[in-house]
Ligand SMILES: Nc1nc2c(c(=O)[nH]1)N[C@H]1C(S)=C(S)[C@@H](COP(=O)(O)OP(=O)(O)OC[C@H]3O[C@@H](n4cnc5c(=O)[nH]c(N)nc54)[C@H](O)[C@@H]3O)O[C@H]1N2
Ligand SMILES: Nc1nc2c(c(=O)[nH]1)N[C@H]1C(S)=C(S)[C@@H](COP(=O)(O)OP(=O)(O)OC[C@H]3O[C@@H](n4cnc5c(=O)[nH]c(N)nc54)[C@H](O)[C@@H]3O)O[C@H]1N2
Ligand SMILES: [Mo]
């Protein structure tokens, strides 16, 4: 060592954070930083729900943050739309030009923000961005792509996205894991289910796929996609005919029992067995278990509401706990999402009062169709500019054929804030480097537990990356927006996110703080519905001209109903990706290997499909190639295209959303990813 260089110990610290990803677990993170470089990311052992453990994906967080292909400079398009050819420019130049391009659009409603849950943070999600778009008078985005069918179903039944506390599942005697592959997508819930299992509880999985979770449950009801309401109604039928009901709870805490009773009596198990494609005895046994075991808990997840009748199916399932009085126990009831328990100060964060003119709303799930729509009296102006952040619509939105065509419009001005050159970034006019969770402040609610988490920056922004909030603050200045709220810094946004109900000093000290909630919130009724009861019958739905009671609303594309496309396809998450995030992280992609289609041996044989063969999956909307995995994880008549690969990393530059449709659900205006008929043929990539 040269004499002039002073040797000093490396500075080493651990910074408390929160996992930003779209997952019910919302883990507390501890990032080890040495000399300004993040060395590793661990689960915080002090946070009970995280319990010091992370999933395989987030344990590799530094591999993603320091990925050699991260976008580190602003880029301007230099080739045709979608070619992925870009030239680096300065932030100054990019911001000036973007402001000029937006100012040149005469009707601000021709400008559309497109964002979802790349980060679930309240600050880097919709705070400064929402202020910016309200002040601009841009179109608003209906954020329906994931959970709005189930969300509305739950709201019209229980009153909101509310339910059991997740930790109490550990004390349940019977757990129905319904439309959820918990081991793959909700690992920290699975710990509680395992604890219950060790204590003797029975675990039942309700899923068209024999998932990793189904493997570990005592019972698996492998029903056809989109038939959950039929199953729930048949369970009610059995609860009624055997009088396994809690009459006192029904009397005092529910609404519409005589009507629901009449509806359920039309669903004997034989009828449901036919619709669901299940043995009748399996339905009877489940009803017996549910009617005779306390406390019984249902972990309902969003996998069962991505079909035409997803809203009604959620309503039907959400009626069950009240019928048997399961809510009386803290380990009984249902949990789909806990997000409605959090006192999020949306007004303070997003400032809707900044909007002066009229506003139209565009549904993010029909972005393909809407980008191609001309101006009209009904639609309003043609979409002329898109600003995308926290989302990868070209890969994740349904019916990619139309989405890609829309993003390729030469007259569309597109700005994408991203970490990587995703399929969407490839279609941008400007790609701007965004910070990751290790580099910015944020604060998080959760949809799987009831703790607030604070995320402090662990390292300085990598390269020239700027946070979403920084971008919108700086663009606001160039647009001439002078309201003082555009000067709020991220730490003060974090402070305002939950108001005084959450102790910010506690968050600063520990990184997390639990909401103060009763253990069994609906033991004595008190649901947040208009009536204060669990609403079997919803007057609010009836007032909209809809069925006030839950019913079985069949899929539009029922398995076996089309000669041309006889297979029903579902496309649930691959375990080592998070939607389309992490597909470019090599160590994780190596585990998933290639886009895969699980197909039952019978269906494979009749089509001449062999294990490992390249197949084409197709319908009238489009087609994509992937590798067949002949497996009994798929039931006969149903194929499983594990999601969501980047198109450009697929076998032929496409992915599963080529075949999904832009139809919407019965409630909540949501996509129907799992209501999709296809045919499959062995066919190498041309
Ligand atoms: N590893 C990983 N974790 C994730 C995600 C990911 O991509 N990867 N995604 C995250 C996101 S965005 C969300 S919204 C959450 C929740 O995400 P969900 O979409 O709930 O995902 P899963 O838990 O995989 O549950 C889907 C399960 O539902 C099943 N299913 C499909 N159709 C039906 C049906 O009609 N009825 C029933 N009963 N089941 C059906 C599928 O086979 C699958 O096993 O998970 C999050 N966690
Ligand atoms: N076929 C099929 N399609 C589906 C589904 C399915 O089950 N099957 N699932 C649907 C569901 S449940 C969902 S939730 C959607 C998910 O759709 P998206 O919310 O679009 O999720 P991702 O594909 O993970 O894309 C998020 C992007 O945000 C970026 N990002 C992360 N953090 C930040 C940040 O701080 N700033 C900025 N600017 N960018 C950031 C990431 O790099 C990533 O590219 O997909 C839906 N699509
Ligand atoms: Mo989602």
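Any read-out appearing in this document is the output of simple, stated calculations on the displayed coordinates, not a laboratory observation. Please read these numbers as outputs of a predicted model, since none were measured by experiment. Note: ideal-geometry Cβ built from the backbone for every residue, glycine included; neighbour counts use all protein chains shown.
Under Stokes-Einstein, with the Kirkwood radius over Cα pairs standing in for Rh, what whole-number D in µm²/s applies to segment 233-386 at 20 °C and 1.002 mPa s?
Estimated via Stokes-Einstein, D reaches 111 µm²/s.
Mind giving me the nanometre distance, one decimal, between the label points for residue 262 and residue 292, set 7 Å out from Cα along Cα→Cβ?
3.2
Stretch residue 247-residue 681 to full length: gain in nm at 0.36 nm per residue minus the Cα-Cα span?
Result: 150.9 nm gained on full extension.
Can you tell me the relative contact order of segment 534-587? Whole percent, Cα pairs under 8 Å, sequence separation 6 or more. List each step's numbers first, then the result.
On the way: 23 pairs, mean separation 8.9, N = 54.
Rounded, it is 16 percent for segment 534-587.
Once you have the Kirkwood Rh of segment 567-682 from its Cα pairs, apply Stokes-Einstein at 10 °C and 1.306 mPa s and quote D in µm²/s. Numbers along the way, then the final one.
Numbers: Rh = 14.3 Å.
Once the numbers are plugged in, D ends up at 111 µm²/s.
Quick one: work out the % antiparallel among DSSP beta bridges in segment 567-682, nearest 5.
65
For segment 627-686, take every pair of Cα atoms, bin their distances at 10 Å starting from 0, and report each bin as a whole percent.
Spelled out per bin, shortest first, that is 17, 46, 31, 6, 0.
Relative contact order for segment 150-336: what percent, with Cα pairs under 8 Å and sequence separation of 6 or more?
Here the relative contact order equals 34 percent.
Between residue 107 and residue 91, what is the spin-label point distance in nm, taking each point 7 Å from the Cα along the Cα→C-beta axis?
In this crude spin-label approximation the distance works out to 3.5 nm.
Averaging over every viewing direction, what projected area does the convex hull of the Cα atoms of segment 19-134 cover, in nm²?
Averaged projected hull area, Cα only: 10.5 nm².
Output needed for the chain: three equivalent-ellipsoid semi-axes, defined as square roots of 5 times the C-alpha gyration tensor eigenvalues, in descending order, whole Å.
After scaling each eigenvalue by five and taking roots: 39, 30, 26 Å.
Taking the Cβ of each residue in 351, 408 as the centre, tally the other Cβ atoms inside 10 Å and list the residues starting with the fewest.
Result, fewest neighbours first: 408, 351.
Return the equivalent ellipsoid semi-axes of segment 36-89 as a descending list in whole Å, where each equals the square root of 5 times an eigenvalue of the C-alpha gyration tensor.
Rounded to whole Å, the semi-axes are 36, 12, 8.
Quote to one decimal, in nm, the extra length available between residue 410 and residue 592 on full extension: 0.36 nm per residue of separation minus the C-alpha distance between them.
On the way: separation 182, 0.36 × 182 = 65.52 nm, distance 3.52 nm.
Fully extending the segment from residue 410 to residue 592 adds 62.0 nm.
Relative contact order (percent) for segment 12-65, with alpha-carbon contacts under 8 angstrom and 6 or more residues of separation?
27
So between residue 285 and residue 63, what do we pick up on full extension, going 0.36 nm a residue minus the alpha carbon distance?
Between residue 285 and residue 63, full extension yields 75.2 nm more.
When a footprinting reagent is the concern and you count Cβ atoms within 10 Å, what order do 403, 585 take, fewest first?
Going from sparsest to densest Cβ surroundings: 585, 403.
Could you tell me whether segment 429-503 comes out rounded, prolate or oblate from its Cα gyration tensor? Rule is a ≥ b ≥ c as square roots of the eigenvalues, rounded for a/c under 1.5, then prolate if a/b exceeds b/c, otherwise oblate.
Note, shape of segment 429-503 comes out oblate.
Which order results if 648, 500, 161 are arranged by neighbouring Cβ count within 10 Å, fewest first?
500, 648, 161
With equal scatterers on the alpha carbons only and no solvent term, can you work out the Debye log10 of I(q)/I(0) for segment 341-416 at 0.11, 0.12, 0.19, 0.25 1/Å?
Normalising to I(0) and taking log10 leaves -0.38, -0.45, -0.93, -1.21.
Scale the Cα Rg of segment 521-589 by the rule-of-thumb value 2.2 N^0.38 Å and send over the ratio, two decimals.
Numbers: Rg = 20.9 Å, N = 69, 2.2 N^0.38 = 11.0 Å.
Computed over Cα atoms of segment 521-589, the ratio equals 1.90.
Using r as the Cβ-Cβ distance of residue 524 and residue 347, and R0 as 45 Å, what FRET efficiency do you calculate, to the nearest 0.05? Please report the intermediate quantities before stating the final value.
Working: r = 31 Å, r/R0 = 0.69.
The formula returns an efficiency of 0.90 here.
For segment 150-336, what is the per residue volume of the convex hull drawn over the alpha-carbon atoms, in cubic angstrom?
Spelled out: Cα convex hull of segment 150-336, divided by residues, is 101 Å³.
Modelled label-to-label distance, residue 492 and residue 610, 7 Å Cα→beta-carbon offset: nm?
6.8
Given the chain, what percent of its DSSP beta bridges are antiparallel, to the nearest 5?
50
Please compute the Cα-Cα pair-distance distribution of segment 12-65 with 10 Å bins starting at 0, giving whole percents from short to long.
Calculated over all Cα pairs of segment 12-65, the distribution is 27, 58, 15, 1 percent.
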